[in-house]
Amino acid sequence: MTTAATTDGILERAPQLLRDAVTGFLPAPWQWLANSLIGIAVVLGVFGLLFAFLTLAERKILGRVQNRPGPNRAPLPFLNIRSYGLAQPFADGVKSLTKEDVVPREADRVLHFLAPVALLAFSILTFAVIPFGRHLVLVELDAAVLYFFAAGAATELAVFMAGWASHNKYALLAAMRALAQLISYELPLLLSWVPVVMIAGTLSTTAIVDAQAGWTLGFIPQWHVLTPWGFCGFVIFMVAALAEANRSPFDLPEAESELIAGHLTEYSGFKYALFFMAEYFGMIALSGMAITLFLGGWRAPLPFLEFIPSFVWFGLKLGALLLGFIWLRATFPRLRMDQLTRFAWKFLVPLSLINLATTAVWSLSAGWSGPLQLVRWAVCLALVVVPFLALGRTLSAGVAPRTYRYAPS
Amino acid sequence: MLGSGLIHGLAVTAKNFVGSFHDPARYTTVEYPEVKPKVPENYRNFPFLVTENATDPMGTLRCVACQICEKECPPQCIYIEKSKDKKPDATGKLQLYPAVFDIDTSVCMSCQICVEVCPFDAIKMDQVFEIATVDRFSELLLDREQLAKPNTYYHAIHPTEAAEVDSRLAAEWKAAEEKAKVAAAAKAAAAAKPAPATAGTPVATPQPPATPRVEAPKPPAPAA
Amino acid sequence: MSTAFFVIVFLTLGAAAVAMVLRNLIHSALLLIASWAGIAAFYLWAGAEFVAFAQVLVYVGAVSMIVLFAVLLTRRSRADLVVSRDTLGRGVAAMLVGGSVLGLLFGAVLSTRVVAPPSATPEISVRDLGAQLMGPHAAAVLVVGVILTVALLGAVVLAAVDRDDAGRKTP
C-alpha cells in the first residue's frame with residue numbers, strides 16, 4: 001500500500017493509520033512483511049464476507065423478482081431469532097462444512113483435491129492489483145492489468161482438472177464445454193480493455209485510475225465509460241465477464257439441468273462451496289477491474305462529493321455492478337452452447353476489434369479544437385453504433401420476432 | 001434492434017422487484033406456519049360429528065346410529081356400535097345414539113359420501129389439515145369424543161351450508177311441532193267425546209306420537 | 001544466485017523431469033504446465049514482469065488447453081493414456097539423442113562470452129517494451145501476427161463443415 005498524503009481527510013487515511021498503529025512497533029524489515037500480511041488478511045476477510053452476503057443478496061433479490069421472499073428463516077444461533085435471513089450464509093457455510101465429502105473410487109484423488117484449491121487460489125490472486133482506494137492497492141505492478149488476466153486465464157486449467165479428475169465422462173464432456181466457453185470469451189474480454197490501455201498509455205491499474213481524473217465542464221467525470229469507445233468497451237467487458245465467471249445467462253457449465261452439474265458433478269460438501277466461492281470471487285474481481293478500467297476506480301463522480309472516502313466510492317460502484325449482475329441473472333434465460341459461442345465469435349470479437357479502431361480515431365483526434373470536438377464525438381458514436389446495429393442484424397438474420405398464438409397480448 | 005428485448009425484460013423484472021414491496025399481487029407468498037392460508041369454504045378434509053351445543057357434546061349428537069354412512073362408506077373406515085338405551089333428541093323423541101363411532105382417517109378418502117347419505121345432518125366435512133401424527137394406529141383413529149364438534153364450529157367453517165341446514169331443520173321441527181299440536185288437539189278432542197260412551201271399554205294402548213319426526217327424503221346436502 | 005533462483009530452478013526442472021517419468025499422460029501434461037509456470041516465475045525473478053505475465057497468459061492459459069484437448073481428443077480409450085513401457089532399444093536411442101542435444105547446449109553455453117551485468121539492473125517499463133516492439137521490432141511482430149492469423153484460419157477451415165458430393169453435411 002502506498003503512503004497517505006497528509007492532505008487527505010482523516011477517513012481517507014483511516015486504513016493506513018490503523019495499520020501503522022498495529023505494526024508501527026515492529027523493526028523496519030518486518031514491517032513490510034506485517035503490512036503485506038495485514039493487507040492479505042483484510043482483503044480475504046472483506047471479500048469473504050462480501051461473498052457470503054452477496055449469496056444472500058442474490059437469493060433475496062431473485063426471490064423478490066420471482067414474487068417470493070427468499071431465505072428469511074435461518075435464525076441466529078442459540079438465540080432462535082429469525083433475522084430476515086442474515087444468518088443464512090453462515091448456515092450454508094456450516095452445512096457445506098459438515099456434509100460428507102464424497103470422492104469417487106476411481107477418481108484421481110490428488111487432482112480432485114487440487115482443482116477447487118487451484119481455482120480459488122488463482123481467483124484470489126487477481127485481487128492483488130485492484131486499487132480499492134486512493135492508497136489501497138496490495139501490489140503496484142507495472143503490468144498489473146496483464147497480471148490480472150493472466151491469473152484469470154490460469155483458472156481455466158482448474159476447470160479442466162475438476163472435470164478430468166471426476167472420472168465421469170459427463171463431467172469431462174461438461175468440462176470441455178466449459179473450457180470452450182471460457183476460451184471463447186477470453187478474446188472479447190482481453191480486446192475490450194486494450195482501448196483503455198491505448199488511451200491511458202499504461203498497464204498499471206493505479207495509473208489508469210489516475211488517467212480518469214478531472215471533470216469536463218466542471219461536473220461530468222472523465223471516466224472512460226462516458227466516451228463512445230469506453231461505453232462499448234464497458235458493455236463488451238461486462239458481457240465477457242459474465243461468461244468468464246460462469247454467470248447467468250452463461251451458466252451452462254454449472255446449471256443443474258446440464259449434464260447433472262457439469263464439471264462439478266462429483267463434488268460435494270466444502271469443495272463444492274469452494275467452487276462457488278471461486279466463481280463469486282471471480283465475479284467480484286472482474287467487477288473491480290471493470291470499475292478500475294472504465295468507471296474511474298475510486299474516483300467520486302462529482303467534485304463536491306470528494307469528501308466521501310475513496311474506498312466508499314469503490315464499494316458503492318462495486319455494489320452497483322454486482323446488483324446489476326444479479327438483475328441480469330433474474331431476467332435472462334440461459335444461452336445454449338452454440339448460441340454462446342456464436343455470440344462470442346461472430347458478434348463480440350468483431351465489435352471489440354471495431355471498438356479498437358474507434359479508440360484509435362478518438363485518440364488521434366484528441367487535439368481537435370472547439371466545434372470539431374462535436375464532430376469527433378459524432379464520428380466515434382457512429383463508428384460504435386452502426387457496426388453494433390449491422391452485426392446485430394446479421395446475427396439475428398433468419399430469426400423473426402416471436403409471435404405467440406395463445407398468450408394474451 | 002439487438003438488445004431491445006433484453007431491455008424490456010430488465011424492465012419487467014425491475015417492476016416485479018419494486019412491486020413486491022408494496023403490491024400484494026407481486027408477493028404471493030403465505031409464510032406458513034406463522035400465517036395460515038385462507039381455505040375456500042368448500043374445502044373438505046375428514047368428517048366430524050355435529051353436536052347441537054358444546055356444553056354437552058355426547059348428549060346432543062345429531063347422530064342416531066342408523067349406520068347408513070357405515071354401509072355407504074367406500075373404504076369402510078367408519079365403525080359404529082349402537083347404544084342399548086335411548087335418549088331424547090332435539091324434538092324430544094327417543095332415539096338411539098352411537099356408543100362407539102370411530103373413523104379411521106388413515107383410510108378415509110374424503111369422498112363425503114357419508115355426508116351425502118346422512119338423513120339427520122349428523123356428519124359433516126371438517127377442514128383441518130394439520131393432523132400429522134407420529135403414531136398411525138392410535139392417533140389417526142378418531143373416536144366419538146374427538147369427532148364431536150358443536151354446530152357453532154360448523155357455522156364457522158361452512159357458513160352457507162350450516163345456515164341452510166339450520167333453516168331446514170328449524171322448518172322441519174316447526175312443522176313437526178305444528179303437527180304434534182294438531183294431533184294432540186285432535187286426540188284430546190277425540191278422547192273427550194267418546195270418553196263418557198266407552199268408559200267401560202278397555203283403554204287403547206297408548207300409542208306413540210302419531211306424527212313421527214318428519215323424514216322427508218333429504219336433498220343431498222349442498223356441499224362441495 | 002540466490003536461494004529463490006535455486007528453488008525456482010529445482011521446481012521447474014523437477015516438474016519437467018517427473019513429467020517424463022510418469023505413466024499417466026494427463027499427469028505428465030499437468031506437470032509440464034507446472035514447469036511452464038516455473039519458467040514464468042523465473043522471468044519474474046529476473047525482473048521481466050511483462051514477459052512473465054505473458055508466459056502465464058499464453059502458456060498456462062492457452063497452450064495448456066491445446067495440449068490437454070489434443071491428448072484427450074486423440075485417445076480412443078482411457079487405456080491409451082498410459083504410456084507404454086520402454087524397451088532397451090528405445091533407452092539407447094534416447095541416451096544418444098539426449099546426450100548429443102545436451103552436448104550441443106553445453107558447448108553453446110560454455111563458448112558464449114558472458115558479459116558482466118551492469119551494476120544497476122535497468123528498469124524497463126512496459127511502455128519502453130511497447131515502444132521497442134512497435135518500433136525497431138515491428139516487422140517481427142507483424143510476421144508473428146500473420147502466422148497466427150493463418151493458423152487460426154487454417155483451424156477454422158479444418159473444423160468447418162465439409163459438404164461431400166451428395167450434398168450431405170459431414171463434420
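Read-outs: derived from the displayed coordinates by stated rules, not from any lab. Quick caveat, the model's predicted, so the values are computed rather than measured. Backbone-built Cβ (ideal geometry, glycine too); neighbour counts: all protein chains shown.
Once you wrap a convex hull around the alpha carbon atoms of the stretch A:246-304, what is its projected area averaged over all directions, in nm²?
5.6
Once you've got the Cα coordinates, tell me which of A:99/A:271; A:60/B:36; B:87/B:181; A:95/A:271 are over 18 Å apart.
Flagged as over cut-off: A:60/B:36; B:87/B:181.
Once Lys and Arg get +1 and Asp and Glu get -1 on their Cβ, which of A:366, A:273, A:390 lies farthest toward the positive end of the dipole of the stretch A:266-409?
The residue sitting farthest along the positive end of the dipole is A:390.
Tell me, what is the FRET efficiency for residue B:12 and residue A:113 to the nearest 0.05, using R0 = 51 angstrom and their Cβ-Cβ distance as r?
Efficiency for this residue pair is about 0.70.
What is chain A by shape, rounded, prolate or oblate, if you read a ≥ b ≥ c off the alpha carbon gyration tensor as root eigenvalues and call it rounded for a/c under 1.5, prolate for a/b larger than b/c, and oblate otherwise?
The shape class here is oblate.
Loop only by DSSP, 15 or fewer other Cβ within 10 Å of the Cβ. Give me the trypsin sites (Lys or Arg not before Pro) in the stretch A:93-123 that pass, ordered by residue number.
A:99, A:105
Please arrange A:394, C:149, B:13, A:292 by how many other C-beta atoms lie within 10 Å of their C-beta, fewest to most.
Ascending Cβ contact count within 10 Å gives the list C:149, A:394, B:13, A:292.
State whether the stretch A:71-145 is rounded, prolate or oblate according to the following rule on the C-alpha gyration tensor (a ≥ b ≥ c being the square roots of its eigenvalues): a/c under 1.5 gives rounded; otherwise a/b larger than b/c gives prolate, and the remaining case gives oblate.
Taking the square roots of the gyration eigenvalues as a ≥ b ≥ c, the stretch A:71-145 is oblate.
For residue B:41 paired with residue B:172, estimate the spin-label separation in nm (one decimal), with each label point 7 Å from Cα along the Cα-to-Cβ line.
Taking the two extended label points, one gets 2.1 nm.
Hey, quick one: spin label on residue A:402, modelled 7 Å out along Cα-Cβ, who in the stretch A:330-352 has an amide N within reach, i.e. under 13 Å?
Within reach of a label on residue A:402: A:332-336.
Run the simple label-point estimate for residue C:88 and residue C:6 please: 7 Å along Cα→C-beta, distance reported in nm.
Reported label-point gap for residue C:88 and residue C:6 is 4.0 nm.
Suppose every K and R has +1 on its Cβ and every D and E has -1 on its Cβ; what is the size of the dipole of the stretch B:1-106 about the Cα centre, in Debye to the nearest 20?
220
For C:51-61, what's the mean count of beta carbons from other chains sitting within 10 Å of each residue's beta carbon?
Mean shielding by partner chains, rounded to a whole number: 6.
Springs between alpha-carbon pairs under 10 angstrom, Gaussian network model over chain A: which of A:14, A:300, A:200 fluctuates most?
A:14
For residue A:169, list the aspartates and glutamates whose Cα falls under 18 Å from its own Cα; do not include residues on the same chain fewer than 8 positions away.
A:106, A:108, A:254, A:256, A:258, A:266, C:80
Could you give the size of the charge dipole of the protein assembly as shown about its Cα centre, using +1 on the Cβ of each K and R and -1 on the Cβ of each D and E, expressed in debye and rounded to the nearest 20?
Computed about the Cα centre, the dipole is about 1140 debye.
Got a sec? How would C:126, B:50, A:312 order by Cβ neighbour count within 10 Å, fewest to most?
A:312, C:126, B:50
Within the stretch A:367-409, which chymotrypsin sites (Phe, Trp or Tyr not before Pro) sit in a loop by DSSP and count at most 13 neighbouring Cβ atoms inside 10 Å?
A:368, A:404, A:406
Using a Gaussian network model of chain C with C-alpha springs under 10 Å, which one of C:155, C:19, C:139 is most mobile by mean-square fluctuation?
Its mean-square fluctuation being the largest, the pick is C:155.
Take B:87, B:181, A:60 and order them by how many other Cβ atoms sit within 10 Å, fewest up front.
B:181, B:87, A:60
If I build a Gaussian network model for chain C, linking alpha-carbon pairs within less than 10 angstrom, which residue out of C:113, C:23, C:75 has the largest mean-square fluctuation?
Between C:113, C:23, C:75, it is C:113 that shows the largest mean-square fluctuation.
Between residue A:210 and residue C:148, how high is the FRET efficiency from 1/(1 + (r/R0)^6) when r is the Cβ-Cβ distance and R₀ = 25 Å? Nearest 0.05.
The value I calculate is 0.15.
I'd like the distance between the alpha-carbon centres of the stretch B:102-153 and the stretch A:266-293, rounded to an integer number of Å.
55
Calculate the spin-label point distance for residue B:133 paired with residue B:29, positioning each point 7 Å from the Cα along the beta-carbon direction, and give it in nanometres.
That separation, rounded to one decimal, is 3.3 nm.
Taking the Cα centre of chain A as the origin, how large is its charge dipole in debye, to the nearest 20, when only Lys and Arg (+1) and Asp and Glu (-1) carry charge on their Cβ atoms?
Approximately 1260 debye in magnitude.
Please give me, ordered by residue number, the chymotrypsin sites (Phe, Trp or Tyr not before Pro) of the stretch A:283-316 that lie in loop per DSSP and have at most 16 other Cβ atoms within 10 Å.
Those that pass, being in a loop and sparsely packed, are A:307.
Would you work out which of C:51, C:97, C:21 lies farthest towards the positive end of the dipole of chain C, given +1 charges on the beta-carbon of Lys and Arg and -1 on that of Asp and Glu, about the Cα centre?
The residue sitting farthest along the positive end of the dipole is C:21.
Rg to Rh ratio, the stretch A:226-352, alpha-carbon atoms and Kirkwood radius?
Expressed as Rg/Rh, it is 1.03.
Let me make sure I get this right: for the stretch A:348-397, a, b and c are the square roots of the gyration tensor eigenvalues over alpha carbons, sorted descending. Under 1.5 in a/c it's rounded, otherwise prolate if a/b > b/c, else oblate. Which is it?
It comes out oblate by the Cα gyration axes.
Suppose only helical runs count, i.e. DSSP H with n ≥ 4. What mean residue ellipticity at 222 nm does that imply for the protein assembly as shown under -39500 (n - 2.57) per run, divided by all residues and rounded to the nearest 500 deg cm²/dmol?
-18000 deg cm²/dmol
Identify, among A:352, A:324, A:375, the residue whose Cα sits farthest towards the positive end of the charge dipole of the stretch A:323-406, taking +1 on the Cβ of Lys and Arg and -1 on the Cβ of Asp and Glu, with the dipole about the Cα centre.
It is A:324.
Suppose R0 equals 25 Å; then what is the FRET efficiency for residue C:141 and residue A:361 from their Cβ-Cβ distance, rounded to the nearest 0.05?
FRET efficiency, residue C:141 to residue A:361: 0.70.
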